[in-house]
Amino acid sequence: MKKLLLTSIIGVLIYFQGFARDFLYEYEGQILSYTILDEEAKTCQTNEDCDYFGQGQLIIPSIAKDGDTEYTVTGIGDNSFSNCFSLTSVIIPASVTTIGNAAFRDCNNLTSIKILALVTSIGDYAFHGCNSLTSVTIPGSVKTIGNHAFSECSSLASMFISDSVTSIGDYAFYRCDDLTSLTLGNSVTSIGEYTFYDCLGLTSITIPASVKTIGSHAFYSCGGLTSIVIPDSVISIGEYAFSSCWNMESVTVGNSVTTLCDGVFSSCSSLSSVILPNTVISIGKDAFAECRVLTSIDIPDSVTSIGDRAFFECPDLSSVTIGNSVETIGESAFFRCKALTSVTIPNSVKTIEDRAFFECSGIASLTLGNSVTSIGKEAFFRCTGLTELTIPNSVTLIDDRAFAVCEEITSIQISNSLTSIKESVFSSCNHLTSVTIPNSVTSIGKGAFEYCVRLNSVKIPGSVISIDERAFLDCTNLTSVTIPNSVTFIGDEAFESCAKLTSIIIPNSVKTIGQRTFSYCHNLTSVIIPNSVTSIGHEAFSCNMNLSIIIMGHNVGIISEKAFEYCPAANIYITAQTPPAVLDNSFSDYSGKLHVQGEAAAEAYHNAECWKNFGSPELMSVPTDMEINMTTISGNPGDNIQLTAKLIPEDVSLPYIFWTSTDPNVATVDSNGLVTLRDGIASASCKIIAESLYANGPIAEVTMTNGSGIDDMYNESVESNEIDFSAPVQIFNLQGIMVGDNMQQLTTGIYIVRQGRNVKKFAVK
């Protein structure tokens, strides 16, 4: 036997019994240093100041002598043999009960340990970095295995953990690459964080029914594991506990788990089968992210939330059942689950977060529950298999690009609770031919329908105030668009390259026409610019080769550069008495005829820069009066009333009538004078204005009173508790505005419900 030489620095350690003392003792040719633990009990432990110069086997005696006094060796102290690089084997006697922290840390050549003791605890880092250690026998007395106890013992092949062990510390077997066989005793209650992290050789493990908690990253990157059964005793599984177990094929989760934490089974690229119990309430972020062969998942009714990226890039996931308690589907939850063909969002769901079903290109059928209130950014972006879309009336928000590049959608029915169609929401829906925009919408955002190349007609309701830039850019099949007189703003490029538009009437509410708003509309033959417009932007109507009639109202003051460039032989009719300011290149062709109102205007245009290039203007015939069929109207919510007006004489040069409502929230009017009294207004009034293009033309005003107020509603009805909600009802807010016909659509507040002559006030909490 080769000798072991240890030297020590004698120190004085203070314990509650008195003064501790160090001593040296030679045993079988080996000199070891000891610290007395208890003078009365005659116990000691190896101390922490040892330098090993020899090599070979270390035998720790059960008795150490200091002179004539014998001390029982009960412990191996902290760091006692750390960094003893030449140590190959250790025998620990039966008297030892504790192995201290880092006791044998980084003994790189240590191959075997025999523990004869009644050891109850193995300290933190006790055998950390003993990368030559192949086997360890742990006695049945051990109760706890400390943090990092055997971490990075890369040659350790097997481990039997007896029934006495109750807890296994964090990182205990971290990166034990060669560990292939592991038996956990039936008393283990907790498996710590990172305990078996990167144990690449581990092929199977049975988690005993005693285990209650599994720490985060506990089995992370255990690439050899093929299946796992988590017993009913387990109440919590930490984050990424089984992440990156790439050979894991099946998982059964026990009936006591309530939360699947973040990343718990992420990147288990062979996982094809998962059974979730009805106890699970939430599925955390990345829980099953990148489980590439997972084909189906049943999310039980107990689950209330699906976390961000929960099923991120599960390309083989073809079937998912979302339980009836789920309220939130998190950001990127089903991102690029391209095999999904059908998705039913239950009525419990309120929020679909950003990119929830991003690039789920296989979805052909989508059912949205009637409690969904918001659909996040890019939620269904590039769901190219989707052919039709109905958005329930509960939805109040559809965020940017939510349904962009859904190339196969042919028709869309939009929620009548929506107030704004946001940026690029339906852009590049190449097969979209029709869309119904409800009266609730007040704005159409940037690029909302851009590149919808098959969209052929759009009726914009009288509730819309703004059409933002690029809203209908490159809608090359758009032949007809109705812009209501509620619109005050049309953004840059809003209708650029709508090549099949033949005519456009800009409502008498728009003040400016932006840059390239109607450029490259090659089939546009006529345009009417009303009195409300004061400026025409850069290239607003450029490159419209068939534009032959341009009609401008009397308030146009500025026509920007290239506004009508490459519009050959256009005939211009303008009622402005003072020539608008133009640049040399505002028009590139002057072969058309200019028509003005009155001799004075003719003289002014004939002498004005650029305008004079049209030659001598022709005079237009103007009206002397206007007649209207009604001057006062009244009605009930939803009524339609047709107004007509005519100019006298009727054969004037510009026989156009523009209709405007002073309050579209009360009543709207289309370009033909059809007045619609808005649903939901109990008592209100507004004016409907008819106006011609001529500066001196008459203005007709119509005063409209719409229905009865809340007080009148009670006066005319009977307060009753006998409301049958299964039958049609009308629901009003306290301002008398009708807000719906379904209680499930309502937010918190006080409401009035009316059914026939029965009326009742109620609260929604």
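Where a number appears in this text, it was derived from the coordinates with a stated rule and is not lab data. Remember, predicted model here, so these are calculated numbers, not experimental data. Reconstructed Cβ throughout: ideal geometry from the backbone, glycine too, with neighbour counts over all protein chains shown.
What's the local net charge at residue 102, with K and R +1, D and E -1, over the other residues with C-beta under 11 Å away?
Details: positive: 105; negative: 48, 78, 106, 124.
Here the charged neighbours net out to -3.
Need the C-alpha centroid separation for the range 441-469 versus the range 282-317, integer Å.
36 Å
I need the peptides 465-472, 121-128 ranked by packing, meaning the mean over residues of other C-beta atoms within 10 angstrom, with the highest value on top.
The densest-packed peptide leads the list: 121-128, 465-472.
At a 10 Å Cβ-Cβ cut-off, how would you order 746, 182, fewest neighbours first?
Numbers: 746 15, 182 21.
Result, fewest neighbours first: 746, 182.
Distance from the Cα centre of the range 55-96 to that of the range 357-382, in angstrom?
67 Å
Among (i) 68, 41, 24; (ii) 84, 31, 21; (iii) 73, 36, 31, which is the computed semi-axes √(5λ) of the Cα gyration tensor in Å?
From the options (i) 68, 41, 24; (ii) 84, 31, 21; (iii) 73, 36, 31, the structure gives (ii).
Could you calculate the FRET efficiency of residue 204 with residue 388 from 1/(1 + (r/R0)^6), where r is the beta carbon distance between them and R0 is 41 Å, rounded to 0.05? Spell out each step's value before the answer.
On the way: r = 49 Å, r/R0 = 1.19.
E(calc), rounded to 0.05, equals 0.25.
Arrange the following residues from fewest to most other Cβ atoms within 10 Å of their Cβ: 163, 670. Intermediate values should be presented prior to the final figure.
Working: 163 13, 670 18.
Going from sparsest to densest Cβ surroundings: 163, 670.
With an 8 Å Cα cut-off and a minimum separation of 6 or more residues, compute the relative contact order for the chain in percent. Could you put the intermediate results ahead of the total?
Numbers: 2649 pairs, mean separation 26.7, N = 765.
It rounds to 3 percent for the chain.
At a Förster radius of 35 Å, what calculated FRET efficiency corresponds to the Cβ-Cβ distance of residue 364 and residue 747, to the nearest 0.05? Walk me through the numbers on the way to the answer.
On the way: r = 33 Å, r/R0 = 0.94.
That gives a FRET efficiency of 0.60.
Checking the table 459/687; 511/562; 511/646; 500/612; 285/377; 646/687 against a 21 Å threshold on Cα-Cα, which pairs fail?
On the way: 459/687 23 Å; 511/562 19 Å; 511/646 25 Å; 500/612 32 Å; 285/377 18 Å; 646/687 18 Å.
From the list (459/687; 511/562; 511/646; 500/612; 285/377; 646/687), the Cα-Cα distance tops 21 Å for 459/687; 511/646; 500/612.
Show that you can apply the helix-only estimate: for the chain, add -39,500 (n - 2.57) for every DSSP H stretch of four or more residues, divide by all residues, and state [θ] at 222 nm to the nearest 500. Mind showing how you got there, number by number?
Numbers: 2 runs with 16 residues, N = 765.
Theoretical 222 nm ellipticity from helices: -500 deg cm²/dmol.
Please arrange 630, 248 by counting, for each residue, the other beta carbons lying within 10 Å of its beta carbon, fewest first. Let's see the in-between values first.
Numbers: 630 15, 248 26.
Ranked by crowding around the Cβ, least crowded first: 630, 248.
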